[in-house]
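Engineer: Handing you this structure, nothing more for now.
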Amino acid sequence: MARLRPLIVKAHVYLPGGGRKRGLIAAREHLRYMNNPKKEELVTDAEALWERGEGEAAIHARYMSERPGSQGLFGEAHELRPDQETLLREIVEHKGPVWRFFVSVHEDDAHAMGGALMRRQMWEEACRALVPKMAAEMNIPVVHVRWAAAMHRKEGHPHIHLLMWSADPAKGFLNRKGLDQVKRAWVSQLYGPERARLGREKSELRSAIGTSFRAALTRSDSDALAARFLRIAEALPGGGRLAYAYMPTEVKRDVEAAVDHLLSASPDLARMAAHYSDIAAEMAGHYSYKQERHQAARENAAGDLRRRLAGAVLRAALSMDERT
């Protein structure tokens, strides 16, 4: 399967008492986004909605239900669709914040994963699975959480709009850490099978690298490596566990250098280690387009691999010291 593009997860909060002007600005932004006559009729009526007391969140609820491509509102109950007018009245009368989440996947990726994300059912199941987790991140008791969503089958990126609020208006907040956790939950839910496949591949590769690395240790006849092993052995603490994490800084430095030397000396090991880091970068790519995050994932994977192989180097160094 080709690499999946990042899942897009955005959040916005509608605060009570935001004011008529602020709401109209938001509605006009929706007008630019909707961009066709039917959509224009929907949003140019925003002023009338405000005259009736409907705020930003209520306008968005009407939009996500009525816009072309919408597959209709859905909520917690499988068999009962939310009533739009009831929903609008509840949001208008709500005295606390209302959060809007936008979750979007690239159409090519939806098809690559089997096409389920081109249909409403998959999005409904995902919402019902994740809303309780999202509510926990937002400090909303599950018994108080209220939500409604709609899936839009827009060409290029099927997506959902999800509105959430608490029946107790005093409850609920979402900070950056919470939003990051919400995004991780959505990625795990929608990209789960592909992430599980990559995780298995990474685990199998790590095991294969370990086996090949230990074999390379027994075959190595490098004088430079032998000298490094002796230096490691001489610097080992006199007692305690033979574990990399408890080693002095200079020992860690020599162990890491020995690992890097053996990985680079074998073309097969070097290839496998590079692929291991590439998988980590690919999984990071499910969250972000930013290359620096992909590179950080590569470096973290290389560091993790180095630490996992360090024990074999320590045992080899100790064994060499005992023989001498």
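The values are calculated or read from the model by the stated rules, or taken from the named source; none is laboratory data. Note that this is a predicted model, so its numbers are computed, not measured. Note that we place each Cβ from the backbone using ideal geometry, even for glycine, and neighbour counts take in every protein chain shown. Just so you know, the surface numbers come from the protein's heavy atoms only, side chains and all, with ligands and any DNA or RNA stripped out. Shrake-Rupley method; radii C 1.70, N 1.55, O 1.52, S 1.80 Å.
Engineer: Using θ = phi - 60° and the Karplus form 6.51 cos²θ - 1.76 cosθ + 1.60, what ³J(HN,Hα) does each residue of segment 274-279 get, whole Hz, x for Gly and Pro?
Structural biologist: Once θ is set to phi - 60°, the couplings for segment 274-279 become 5, 5, 4, 5, 5, 4 Hz.
Engineer: Do any of Lys10/Lys154; Lys95/Lys171; Lys10/Lys95 go past 21 Å between their Cα atoms, and which?
Structural biologist: As for pairs spanning more than 21 Å Cα to Cα, those are Lys10/Lys95.
Engineer: In the full protein assembly as shown, how much of Thr249 is accessible to a 1.4 Å probe, in Å² to the nearest 10?
Structural biologist: My reading of the accessible area for Thr249 is about 100 Å².
Engineer: Now, a different point. Please report the carbon-and-sulfur percent of the accessible area for segment 114-164; probe 1.4 Å, protein heavy atoms only, DNA, RNA and ligands left out.
Structural biologist: It is 52 percent, rounded to a whole number.
Engineer: What residues qualify as long-range amide H neighbours of Val145, i.e. H under 5 Å apart, gap of 5 or more or another chain, H built at 1.01 Å from N?
Structural biologist: Ala167
Engineer: For segment 144-237, which GluC sites (Glu not before Pro) are in a loop by DSSP, counting at most 14 other Cβ atoms within 10 Å?
Structural biologist: Qualifying residues, ordered by number: Glu155.
Engineer: Ranked from the most accessible area to the least, with a 1.4 Å probe and all protein chains present, what is the order of Arg306, Arg253?
Structural biologist: Solvent-accessible surface, decreasing: Arg253, Arg306.
Engineer: Still on this model: Run the quick spin-label model on Val142 and Leu236: label points 7 Å from Cα toward the beta carbon, then report their separation in nm to one decimal.
Structural biologist: It is 5.1 nm.
Engineer: Still on this structure: With a 1.4 Å probe and every protein chain left in place, tell me how much accessible area Phe229 has, in Å² to the nearest 10.
Structural biologist: Accessible area, nearest 10 Å²: 10 Å².
Engineer: How much accessible area does Arg197 have with a 1.4 Å probe, in Å² rounded to the nearest 10?
Structural biologist: Per-residue accessible area (Arg197): approximately 80 Å².
Engineer: Length gain on complete extension for the stretch His12 to Ala196, per 0.36 nm per residue less the alpha carbon to alpha carbon distance? Before the final figure, lay out each step's value.
Structural biologist: Values: separation 184, 0.36 × 184 = 66.24 nm, distance 3.03 nm.
This chain segment gains 63.2 nm when fully extended.
Engineer: Can you figure out the FRET efficiency of Ala274 with Glu155, using R₀ = 35 Å and their beta-carbon distance, to the nearest 0.05?
Structural biologist: Efficiency at R0 = 35 Å is approximately 0.40.
Engineer: Now for a separate question. Give the residue list of chymotrypsin sites (Phe, Trp or Tyr not before Pro) in segment 249-296 that are DSSP loop and have at most 13 other beta-carbon atoms within 10 angstrom.
Structural biologist: Those that pass, being in a loop and sparsely packed, are Tyr289.
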